[in-house]
Amino acid sequence: MNISKKENTGGASFTRNTSATCSSYIFVGRIVFSITEAFFFFNLVLFLLLIFSSITPFPYVAFGVTCLILYIIIGIPINILIRFLQAKHCKMPLKDFLHLPCNWVVYRFQLSKEILQILYPGKKFFLPQTYGTTIIEVKRKLAEEKSKVEYYANIANNASSETEFSAAISSCIKTLEWMSQFEKYNVFVQGNAPSDDLRDIKDNMQLSIDRLHRRLASENAQLSTSPASFSALSTFDTMDGHDFEYFCADLLRKNGFSNVEVTQGSGDHGVDIFAEQGDVTFAIQCKRYEGSVPYKAIQEAYSAKGIFNKDVAVVMTNSTFTQQGIEDAKRLSVKLWDRDKLQELVNNLQ
């Protein structure tokens, strides 16, 4: 789903629903007259009257005709330009803007109030908020919710059990249903609305479940025959980095960690695994290493913890850590899980 980058003013849709009741005089009136312009010309005429009032007899008729001609020649084109700029600001065609009902400004404030009540249920707003400001606030919130949907979808696609899959899909659907409330305000790109994503999820639910079953069956089969089996600990040092990450992820799952997710590599800022234990979230960097792991890995894990808003940073390795790395870990509160810790996690399964 894509959120529209254009500012929706609410006016265009309102026009389509009420244009039949709009009189043609509204259109013509907006072409030839605006309050701003009338105020300007009133002051201009008053100024000229003060200057020429000493003329006796004063040519009132000629003066009035001259002002009218000036208004037609200069005033109306200026007014049309002002209307064009107003329409451009509202992201609307000029024709639609000129046909807006007289109460369209009030309608926009009503829409703003309606949207804010959805965003913040139960909260009272004593001061009105402009529609444009409200739409900006909505799009910011929708962008956050879209990130959540993508996160839940990623969990569902990498779920290690049906329970984890169902929880992720349920959260994804719930978030999309909340977002779909804003579709009538035209804040999404056409054809990429939350309701479209909801329909795709529901239409392909059984297919997704079947895919999950096939993937879990395949992973279980590979685990039972893989040289990375828990009964073959001596293979730690012969794994490549990718295999070691998946080995550690499965080891964590079997030790009671939940929502264990191996990152895709790109843009992970050095984090290889996300995991949870109770209410505590972990950002884990895995290092299948020959020799001692340098302090750089500790610094990367610490930075990634902040970037991804996790509670604990961990560096997990088949090896040991340098003295500088151990000192940095103490200073930055980064947990170091070395070969002994890995062996302890394996022993927990026996």
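Nothing in this text is a laboratory measurement; each read-out follows from the coordinates by a stated rule. Fair warning: this is a prediction, and the values are worked out from it, not measured in the lab. Backbone-built Cβ (ideal geometry, glycine too); neighbour counts: all protein chains shown.
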Under a crude label model (7 Å from the Cα following the beta-carbon direction), how far is L94 from D203 in nanometres? 4.2
Between I76 and A62, with labels modelled 7 Å along Cα→Cβ, what's the label distance in nm to one decimal, could you check? 2.5
Relative to the present Cα-Cα distance, how much length would full extension add between E137 and T322 at 0.36 nm per residue of separation? 61.8 nm
Contour excess over end-to-end distance, with Cα ends at K296 and Q264 and 0.36 nm allotted per residue: 9.4 nm
Given the Cα-Cα distance of S333 and R83 and 0.36 nm per residue of separation, how much length would full extension add, in nm? 83.9 nm
Under 13 Å between alpha carbons, and skipping anything fewer than 8 positions from K88 in its own chain: which aspartates and glutamates qualify? E7, D96
Report the Cα centroid-to-centroid distance between the stretch 274-350 and the stretch 131-163 in angstrom, as an integer. 29
Partner aspartates and glutamates whose C-alpha sits under 16 Å from that of K123, ignoring same-chain residues fewer than 8 away, are E114, E137
Distance (nanometres) between label positions extended 7 Å along Cα→Cβ at F109 and E276: 4.4
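How high is the FRET efficiency between F47 and S147 when r is their beta carbon distance and R₀ equals 51 Å, given to the nearest 0.05? Mind showing how you got there, number by number?
Numbers: r = 58 Å, r/R0 = 1.13.
The formula returns an efficiency of 0.30 here.
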In whole Hz, with x marking every Gly and Pro, tabulate ³J(HN,Hα) for the stretch 299-304 from phi via Karplus 6.51 cos²θ - 1.76 cosθ + 1.60, θ = phi - 60°. 5, 5, 5, 5, 5, 5
Over all distinct alpha-carbon pairs, what is the Kirkwood Rh of the stretch 227-347 in angstrom? 14.2
Candidate lysines - alpha carbon under 30 Å from K310, same-chain residues fewer than 8 apart omitted: K139, K141, K146, K148, K174, K254, K287, K296, K330, K335, K341
